[in-house]
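The values are calculated or read from the model by the stated rules, or taken from the named source; none is laboratory data. A quick note: this is a predicted structure, and the numbers were derived from the prediction, not measured. Quick reminder, even Gly has a Cβ in these numbers, built from the backbone with ideal geometry, and neighbours come from all protein chains shown. Please note that ligands, DNA and RNA were not included when accessible areas were found on the heavy atoms of the full protein model with its side chains. Shrake-Rupley method; radii C 1.70, N 1.55, O 1.52, S 1.80 Å.
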Amino acid sequence: MKTVLESSTDERVSVGTWCRTAVVLYLGTCAVRLILNLRHAMPPGMDAGYYPLQTRSLLEHGTLTGSTPPLIFWLDAVLTRVILALSDQSLNEAAILATRIIDGVAHPAVAIPVMLLGYRWSGGRRSGLVAAAACAIIALLSPPVMRMASDFQKNSLGLVWFAFALWAVGAALQSRRAAWWWAVVGFVALAALSHIGAFGATCVAVLSSVTGFWLLHRRKKATSDRPTRLWLWIGLATLGSGAAMLLLAPAWAAHLMAMPRRIVGMLDFRPHPGTLLLALSAGAVMSVPARRIYSGRQQLPAADAAVAIGCLGSLSVLLLPILNATWSMRFQLMTPLPAAVLLLYSVTQLVPEKRHANVSRWLVRAAAVVGICGPFFMQGPVLSAAAMDELETFGNQLPGSENTLVVAPHGVEFWVGLMTSAQVTSGEVPSHRGEFEHLLIVQPRLGPVGHGPAGRQPQSHGRPGGPPRHGSPRGAEHDRPAGPGDQMIVPADASLFYHSENFDVYEVL
């Protein structure tokens with residue numbers, strides 16, 4: 001009698017129920033992100049101004065400044081054009097609104113591949129639906145993910161393709177059809193066009209999945225020519241996506257080719273104790289599903305287990321304790337996605353069937369706590385609407401914006417560039433202004449984020465994403481960790497050029 005009751009409470013549910021749940025998760029997460037993003041007069045986040053700045057550059061000049069992944073800006077530009085056609089907003093206003101909307105509706109699409117994986121792994125059971133919904137909430141609303149909202153928009157978009165790649169590689173390993181491998185390569189290429197960190201994590205996950213599959217696979221039914229044909233299709237898909245990227249975004253493609261050299265620069269063999277402790281703790285937790293997958297390798301479906309191995313591989317890289325502290329922080333923000341997928345696999349495949357319903361209920365409670373706490377980790381805006389109006393007034397007084405280089409604290413410089421059309425940079429004041437006739441320094445009177453009064457020698461503690469120093473045009477390499485020289489010091493002989501409630505602007509003569 002007990003067995004019958006348990007099976008009835010964990011019966012299969014319709015595909016329509018799974019689809020409706022995925023839609024509710026997507027729309028609900030969109031609502032949360034849009035409410036948090038639009039509740040302030042200005043977009044929240046240190047780097048929020050970078051996205052409308054690059055969008056305007058793409059619309060006005062047809063190019064992006066510097067080497068940056070273009071996909072998020074292509075989407076922003078399309079929506080900006082739509083807003084301009086349907087309203088009387090200015091280009092700056094339309095670009096700001098477009099970037100807020102795209103960031104609000106793009107990342108929640110992670111719910112779709114998570115629910116697809118849950119359906120495949122659970123066979124459509126009710127407990128699987130509950131577990132998949134809970135894991136989707138963890139991947140969508142956990143504190144690290146909400147920390148990226150509005151600020152790391154490229155990264156958020158890249159995680160969407162990371163999630164779809166995990167789903168597609170499992171299907172490709174199971175079916176062995178060339179079309180699925182085209183899909184895998186396509187999602188990896190989209191990740192490459194979105195964010196370099198998400199691209200790296202996606203590559204590690206896919207390669208770990210393929211390696212794990214061939215280590216676990218014990219069947220010898222394939223014909224001798226099929227693997228050769230399969231790898232031929234994978235190679236052709238890779239070459240095709242690479243050629244398309246070279247045509248569509250040559251500057252960014254060249255940037256990706258330098259990844260091996262850049263990876264060496266990310267390493268720091270003096271790990272921080274906190275980072276080392278986190279890596280060891282996570283390793284101990286990940287060893288549990290890893291041991292169970294190994295011990296059950298004869299019974300577990302190899303393709304499904306391979307996806308879990310891909311998550312283990314990507315988590316191991318994202319939590320490496322020998323990464324530079326700044327890069328380590330950025331990589332750790334991506335861990336909720338592979339962790340949620342690994343947790344979903346563990347609940348649906350490694351937990352005994354009679355415990356599925358009970359474990360799923362506990363997982364829902366944990367997801368509820370994560371979903372409630374996560375939104376509180378979203379950042380506030382760097383500048384107020386009044387400060388933006390002052391920047392526009394200041395921009396109208398510039399003698400020639402195209403011949404002016406403005407130095408400002410990190411985060412502020414993007415808004416300065418957007419409102420003044422001047423070339424901007426952050427960090428130290430360049431010793432040589434190069435081709436620029438005027439060199440100005442914008443000093444927020446209340447500090448770059450409004451925390452106390454700023455002195456005569458403000459500092460800008462940048463992080464990856466700031467434009468280059470030494471007077472280069474705005475918006476170049478957007479993935480460089482800040483160095484110890486990221487300080488802005490106003491020279492003693494600089495003269496006051498502009499003064500307002502929020503800013504002092506000095507001209508270096």
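Given the structure, is A183 in contact (Cβ under 8 Å) with a residue 24 or more places away in the chain and either open to solvent by 20 Å² or more (accessible area, probe 1.4 Å) or part of a helix (DSSP H, G or I) (or both)? Against the criterion (in contact (Cβ under 8 Å) with a residue 24 or more places away in the chain and either open to solvent by 20 Å² or more (accessible area, probe 1.4 Å) or part of a helix (DSSP H, G or I) (or both)), A183 does not qualify. With the condition kept exactly as written, say whether any residue in segment 11-27 is touching a Phe, Trp or Tyr at 6+ places or on another chain (Cβ under 9 Å) and either among the β-branched types (V, I, T) or more than 26 Å from A367 (Cβ to Cβ) (or both). Looking for residues that are touching a Phe, Trp or Tyr at 6+ places or on another chain (Cβ under 9 Å) and either among the β-branched types (V, I, T) or more than 26 Å from A367 (Cβ to Cβ) (or both), one finds at least one in segment 11-27, hence yes. Meeting the requirement of 2 or more residues that are closer than 30 Å to A357 by Cβ, the helices (runs of 4 or more DSSP H) wholly within segment 81-141 are 111-122, 126-141. Considering S122, S208, the condition of being open to solvent by 20 Å² or more (accessible area, probe 1.4 Å) and either under 20 Å from P301 (Cα atoms) or in contact (Cβ under 8 Å) with a residue 12 or more places away in the chain (or both) is satisfied by S208 alone.
If you go through segment 382-401 one residue at a time, do you hit one that is more than 29 Å from D10 (Cβ to Cβ), open to solvent by less than 10 Å² (accessible area, probe 1.4 Å) and of a type in the set (D, E, K, R)? So far as segment 382-401 goes, no, none of its residues is more than 29 Å from D10 (Cβ to Cβ), open to solvent by less than 10 Å² (accessible area, probe 1.4 Å) and of a type in the set (D, E, K, R). Of all the listed residues (L25, L86, L71, L36), the sole one being crowded, with 22+ Cβ neighbours inside 10 Å, more than 29 Å from M245 (Cα to Cα) and not aromatic (F, W, Y) is L25.
Highlighted here are the helices (runs of 4 or more DSSP H) found entirely within segment 224-313 that include at least 3 residues which are of a type in the set (D, E, K, R) and at pLDDT below 85: 225-248. Exactly one residue among G465, G475, G455, G450 is at pLDDT below 85, under 24 Å from T393 (Cα atoms), part of a loop (DSSP other than H, G, I, E, B) and open to solvent by less than 30 Å² (accessible area, probe 1.4 Å), and that residue is G475. Consider segment 320-335 and keep the residues that are open to solvent by less than 40 Å² (accessible area, probe 1.4 Å), under 21 Å from F162 (Cβ atoms) and free of Cβ contacts under 8 Å to residues at least 60 places away in the same chain. The one that is nearest to the chain's Cα centre (by Cα) is S328. For segment 52-68, the candidate set comprises residues that are surrounded by 15 or more Cβ atoms within 10 Å (Cβ to Cβ) and among the small types (G, A, S); within that set, the residue that is farthest from the chain's Cα centre (by Cα) is S57.
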